[in-house]
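Working notes, beginning with the structure itself.
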Amino acid sequence: MAQPEKRSILFVCSGNICRSPLAEGVFTHLAEQAGRDNEFSADSAGIGNWHEGELPDPRSRATARRHGFDISGQRARQIRPVDFSRFSIILGMDSGNMTALKRLASNSAATEVALFSEYTLGERRDVPDPYYGGEDGFETVYHMLLAGCQSLMSKL
């Protein structure tokens with residue numbers, strides 16, 4: 001019997017070092033905990049290329065560790081046109097990301113492109129970028145991502 005094709009999800013933020021790697025880690029961790037990791041593949045990318053090849057922000061890595069998972073194997077990358085055919089769902093973290101994603105998506109009808117919170121929780125609000133703040137901002141973002149990823153997993 002053939003394995004069903006995995007649903008592929010790409011999480012996108014500005015530079016792929018704070019929000020989107022944490023979202024990828026949260027979603028992957030939840031899938032593993034639920035025994036559903038064979039159903040999904042998750043990745044993350046940034047709109048910009050200024051952090052290409054870098055590890056996630058140390059505060060994102062610390063937040064992940066505090067919550068029982070590791071994102072230190074991830075490296076930042078910029079979203080590419082091919083991503084719009086490789087992933088079934090692309091979720092932007094904020095309205096600025098969405099503007100850029102819609103511009104890049106052109107006519108890629110096979111891929112759903114949506115705002116993370118709107119797609120997962122039915123709320124049109126941005127996941128704030130914690131880059132210029134302290135640890136508490138990363139914790140706030142983690143809890144937003146956790147709620148959204150739990151909802152996403154239950155929908156898929």
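Values quoted throughout were computed directly from the atomic coordinates according to the rules given, and no laboratory measurement underlies them. Values in this document were obtained by computation on a predicted structure and should not be read as measured data. Reconstructed Cβ throughout: ideal geometry from the backbone, glycine too, with neighbour counts over all protein chains shown.
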For this session: For the chain, set up a Gaussian network in which alpha carbons nearer than 10 Å are linked by springs, and say which option among Gly137, Gly35, Gly48 fluctuates the most.
Result: Gly35
For this session: Give, rounded to the nearest 20 debye, the magnitude of the charge dipole that the chain has about its Cα centre when Lys and Arg contribute +1 at Cβ and Asp and Glu contribute -1 at Cβ.
Result: 260 debye
Seminar exercise, completed: Which residues qualify? For Glu112, with a placed amide H closer than 5 Å and at least 5 residues away or on another chain, they are Ile89, Ile90
Exercise. Within the range 64-156, which GluC sites (Glu not before Pro) sit in a loop by DSSP and count at most 15 neighbouring Cβ atoms inside 10 Å?
Worked result: Glu123
Exercise. If contacts are Cα pairs under 8 angstrom and at least 6 residues apart, what is the relative contact order of the range 13-155 in percent?
Worked result: 27 percent
Problem set entry | Alpha carbon centroid spacing (whole Å) that separates the range 107-156 from the range 51-94 | 13 Å
Exercise. Calculated from DSSP H runs of 4 or more alone, at -39500 (n - 2.57) each and per residue, what is the 222 nm mean residue ellipticity of the chain, nearest 500?
Worked result: -13000 deg cm²/dmol
Exercise. Among [x] 112; [y] 209; [z] 152, which one is volume of the Cα convex hull per residue in Å³ computed from these coordinates?
Worked result: [x]
Problem set entry | the chain: most fluctuating residue of Asp94, Asp83, Asp57 per GNM, C-alpha cutoff 10 Å | Asp83
Seminar exercise, completed: Between the modelled labels at Ser85 and Leu121 (7 Å from Cα along Cα→Cβ) the distance in nm is 3.5 nm
